[in-house]
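Below you'll find the structure, written out as structure tokens, and then a few comments.
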Amino acid sequence: DGGITQSPKYLFRKEGQNVTLSCEQNLNHDAMYWYRQDPGQGLRLIYYSQIVNDFQKGDIAEGYSVSREKKESFPLTVTSAQKNPTAFYLCASSLAGGTGELFFGEGSRLTVL
Amino acid sequence: GIQVEQSPPDLILQEGANSTLRCNFSDSVNNLQWFHQNPWGQLINLFYIPSGTKQNGRLSATTVATERYSLLYISSSQTTDSGVYFCAVNFGNEKLTFGTGTRLTIIP
């Protein structure tokens, strides 16, 4: 089945550790996105990528890093520099950035203890 | 600045009732989508509707781009309709801007 797979679904980490969230899509989409959602809030854009080997900062990129070495994959690393990393992280993709229809994975819930 | 506002923020209805959710945006749009976030957090695409009207079962949506608003109609509500509804708008750049959402609760 075509779709977006995020892993892990739940992740617990100690403060000060870097964690990497995986996002893989088999929709042949060019654009991929990472959003953060805090309880009761909307979605905020962390990073996005329109094409392989290129990515741009979103509205809240500080403390995060990404890579886009393959079209299908867009992993997000939450670094120890992110002051408040506990959140729900959503990966999305679209055929064409901005104007294309956006599809989401099921999300990864990160809790930092 | 660029704004996407949704109303009402919260809505509680009895099963079987109809509802209208509104999304206002501050500039002309290339893309507008409606999503439903279920209680498990998953975001489901409802409509891709930069203009015009679409219907899918009990749900329909209308976007009037010249007046900068979109409406999502839910008829004969069911408990499974509960969750948060987001509209997201593209203003001609590479990304979507999300509204703050409407939390819908359907009571049996």
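Structure data summary
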quantity	calculated
Among the candidates A:Ser22, A:Ser80, A:Ser65, residue that is over 18 Å from B:Phe98 (Cβ atoms), away from every other protein chain (no Cβ under 11 Å), in a loop (DSSP other than H, G, I, E, B) and of a type in the set (Ser, Thr, Tyr)	A:Ser80
Residues (touching a Lys or Arg at 6+ places or on another chain (Cβ under 9 Å) and either modelled with pLDDT of 95 or more or among the hydrophobic types (A, V, I, L, M, F, W, C) (or both)) located in segment B:19-45	B:Asn24, B:Phe25, B:Val29
Test: residue in segment B:77-96 that is of a type in the set (S, T, N, Q), within 23 Å of A:Ser93 (Cα to Cα) and at pLDDT below 95	yes
Strands (runs of 3 or more DSSP E) wholly inside segment B:19-106 that include at least 3 residues being within 11 Å of the chain's Cα centre (by Cα)	B:19-25, B:31-37, B:43-48, B:59-64, B:69-74, B:83-90
Unique match (being out of contact with any His (no Cβ under 8 Å at 6 or more places or on another chain), buried (at least 20 other Cβ atoms within 10 Å of the Cβ) and of a type outside the set (A, V, I, L, M, F, W, C)) among A:Arg109, A:Arg44, A:Arg36	A:Arg36
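The values are calculated or read from the model by the stated rules, or taken from the named source; none is laboratory data. Because the structure is a prediction, the values reported are computed rather than measured. Virtual Cβ from ideal backbone geometry, glycine too; neighbours counted across all protein chains shown.
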